[in-house]
1. Taking Rg and Dmax of the Cα atoms in Å as the quantity of interest, determine which of [x] 19.0, 58; [y] 14.0, 43; [z] 13.0, 38 was computed from the displayed structure.
2. Residue 31 versus residue 56, label points 7 Å from Cα toward the beta carbon: distance in nm?
3. Using label points projected 7 Å from each Cα along Cα→Cβ, tell me how many nm separate residue 66 and residue 21, to one decimal.
4. In segment 1-32, which residues have a backbone nitrogen under 18 Å from the label point lying 7 Å from residue 46's Cα in the Cα-to-Cβ direction?
5. Angle check, please: helix 39-66 long axis (alpha carbons) against the longest principal axis of the chain (alpha carbons), in degrees 0 to 90, nearest 10.
6. Per-residue ellipticity at 222 nm for the chain, helices alone: DSSP H runs ≥ 4 residues times -39500 (n - 2.57), over residue total, nearest 500 deg cm²/dmol?
7. As I understand it, the value is the acute angle between the Cα axis of helix 2-11 and the longest principal axis of the Cα atoms of the chain; what does it come to in degrees, rounded to 10?
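Please treat every number below as a calculation from the coordinates, not as lab data. Note that the structure is predicted; figures quoted are calculated from it, not measured. Methodologically, a virtual Cβ is constructed for each residue, glycine included, from the backbone with ideal geometry; neighbour enumeration extends over all protein chains shown.
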């Protein structure tokens, strides 16, 4: 599953993969410039999630009581 995800990210231009013909096989992955440009929005989303955890948990508890 990890390999599939990394290949999809490579296909989308977010990750570069370097494969080394060694034993055991070795692959290095790195963010491209486009991939690095996603860091600030991802951090903003994580901050939003942390800020809203109490409200989300309260909504989940209220929903669980109703169902």
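1. Computed from the coordinates, Rg and Dmax of the Cα atoms in Å corresponds to [x].
2. Placing both labels 7 Å beyond Cα along the Cβ direction yields 2.0 nm.
3. 6.2 nm
4. Residues 15, 30-32 qualify, since their backbone N sits under 18 Å from the label point.
5. The angle comes out at about 40 degrees.
6. -20000 deg cm²/dmol, from helical runs alone.
7. Once rounded, one gets 80 degrees.
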